[in-house]
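Presented below is the structure to which this report refers.
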Amino acid sequence: MKVTFVVPSLTGGGAERALVLVAKALANRGYQVTVITQSDKESDFYDLSNEVKRLALDVMTFSKNFLDAVSNNIYIIKQLKKAICHNQPDIVISFLPQNNVQTILALLKTGIPVIATEQNDYKKSFYGISWSILQRLTYPLADKLVSVSSGVDSGFNWLPDNKRTVIYNPAFKIEAEEVAIDFPGYNPEKQLIMSMGRLDNQKGFDILLSSFAQIQNEHPNWQLMILGEGGERTKLERQREELGLSGRVFLPGAIRNPFPVLKKADLFVMSSRYEGFPMAHCEAMACGLPIIATDCPSGPREIIREGVDGILVPSEDVSALAKAMDYLINDEKQRKKFASNAPEVVDRFGLEKVVDSWEILFKEVTKYN
């Protein structure tokens with residue numbers, strides 16, 4: 001079977017990492033897998049398996065006004081149709097909302113089955129009224145909408161049940177070499193709290209900084225490192241200085257292989273305002289880290305087992321997050337208990353299980369086409 005994935009780019013992000021993992025696993029099972037990106041290859045953060053064919057269209061553009069946006073999207077849709085049809089896939093899997101709309105429109109009346117995937121809470125991730133309307137109009141035309149968690153799926157209850165399903169993003173066993181961490185200001189003699197994700201409003205790193213500031217004086221031997229890059233870097237750096245956290249909080253940017261750094265940490269904390277199925281949580285747990293996360297929509301509650309491998313706190317509650325960090329910093333025994341249970345995430349959301357679910361869906365969708 002020929003499977004084609006369509007995604008805007010392979011820049012850093014949980015959706016892109018999940019795509020790369022699933023594409024490789026399907027290729028290993030004998031599928032002919034192609035990944036089509038709207039971006040060029042130069043923007044790639046993740047590398048595809050050699051067994052996966054790659055086609056970079058380089059059609060992503062910035063629109064200055066509405067007419068430009070319409071024209072650009074029509075062009076993108078035409079290029080997607082040309083590339084996909086030339087590839088002659090048996091099934092197409094599209095990632096991320098705007099790309100989903102474009103791919104569905106590109107394949108109208110072609111007879112090629114389309115599976116759209118959603119990675120974020122629909123009620124929180126708003127891309128503008130035009131895209132919201134287009135989602136409502138086009139998603140019913142897809143053969144299936146796959147959400148990465150039950151929380152994400154609940155936002156699409158305006159679609160019939162037979163049009164929707166849930167397939168989690170995969171967790172995987174992590175082997176990481178022992179390496180020295182060499183970031184300016186980092187002190188290897190101090191204990192480390194880690195966080196990771198795009199530096200944007202969704203991830204709530206401003207909340208994390210405020211929470212850490214509340215407990216910094218009680219725990220002078222602890223430091224915080226946030227891996228990732230994004231548009232809020234300047235804002236977060238300014239907040240760090242205003243809170244007196246210079247020398248205690250580090251923002252080294254995005255790292256292709258974060259796992260050696262994660263394995264050096266003592267605790268992982270995420271303060272997201274909303275999620276879908278956060279890969280960062282799974283990766284930290286796979287590295288054997290106890291975890292504290294906000295109980296935001298959607299995903300963390302489906303990953304973290306309260307009192308078994310982590311703690312959930314109310315979303316956007318600075319004091320509650322600070323209290324949870326203070327508790328685990330003070331209780332090494334509890335941290336070790338959570339850490340010993342955390343790697344079970346690989347069994348619960350293992351790559352092979354996830355790919356099995358995709359294969360079942362392929363059979364269901366192609367049966368009716």
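The numbers here are math on the coordinates, done by the rules we state, and not lab data. Keep in mind that what you see is a predicted model, and the values were worked out from it rather than measured. Please note: Cβ atoms are built from the backbone with ideal geometry, for glycine as well, and neighbour counts cover all protein chains shown.
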For Glu242 and Leu159, extending 7 Å from Cα along the Cα-Cβ vector and measuring point to point gives, in nm, a value of 4.0
If amide H atoms are modeled at 1.01 Å from N in the peptide plane, then the residues at a separation of 5 or more from Phe250, or on another chain, having amide H under 5 Å from its own are Leu224, Met225, Ile226
Simple spin-label estimate for Asp326/Cys85, 7 Å along Cα→Cβ, in nm, reads 6.4
What do you get for trypsin sites (Lys or Arg not before Pro) in region 69-165 restricted to DSSP loop and a cutoff of at most 10 other Cβ within 10 Å of the site's Cβ? Lys109
Determine by what factor the alpha-carbon radius of gyration of region 74-211 differs from 2.2 N^0.38 Å, reporting the quotient. 1.39
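Return the inverse of the average 1/r over all pairs of distinct C-alpha atoms in region 191-348, which is the Kirkwood hydrodynamic radius, in Å to one decimal.
On the way: mean 1/r = 0.0658 Å⁻¹.
Taking the inverse mean of 1/r over all distinct Cα pairs, region 191-348 comes out at 15.2 Å.
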Distance cut-off 29 Å, Cα to Cα: go down the list Lys124/Lys323; Lys144/Lys235; Lys24/Lys263; Lys203/Lys367; Lys264/Lys337 and report the pairs above it. Lys144/Lys235; Lys203/Lys367
Taking the square root of 5λ for each eigenvalue of the C-alpha gyration tensor of the chain, the equivalent ellipsoid has semi-axes, largest first and in whole angstrom, of 37, 22, 19
Residues whose placed amide H lies under 5 Å from that of Ile93, excluding near-sequence neighbours: Thr4, Phe5, Val6, Ile115
Do any trypsin sites (Lys or Arg not before Pro) in region 207-298 lie in a DSSP loop with no more than 11 other beta carbon atoms within 10 Å, and if so, which? Arg256
Set of aspartates and glutamates near Lys82 by C-alpha distance (under 19 Å), chain-local residues within fewer than 8 positions excluded: Asp40, Asp58, Asp90
Nearest 10, in degrees from 0 to 90: the angle of helix 129-138 to the longest Cα principal axis of the chain is 50
Note on the chain: contact order normalised by length, alpha-carbon pairs under 8 Å, 6 or more apart, percent, works out to 15
Rounded to whole angstroms and listed largest first, the alpha-carbon spread of region 12-109 along its three principal axes comes to 44, 32, 19
In region 139-235, with Lys and Arg counted as +1 and Asp and Glu as -1 at Cβ, which of these residues, Gly204, Ser154, Asn187, has the Cα nearest the positive end of the dipole, that is, farthest along it? Ser154
Would you work out the charge dipole size for the chain about its Cα centre, treating the Cβ of every Lys and Arg as +1 and the Cβ of every Asp and Glu as -1, and quote it to the nearest 20 debye? 1040
Quick one: compute the contact order of region 191-348, relative version, from alpha carbon pairs under 8 angstrom and 6+ residues apart, as a percent. 24
Against the longest principal axis of the chain, how steep is helix 351-367, in degrees 0 to 90 to the nearest 10, with axes from Cα atoms? 20
Using the Karplus curve 6.51 cos²θ - 1.76 cosθ + 1.60 with θ = phi - 60°, what ³J(HN,Hα) values do you get for each residue of region 229-240, in whole Hz, with x for Gly and Pro? 9, x, x, 9, 4, 4, 4, 5, 5, 5, 4, 4
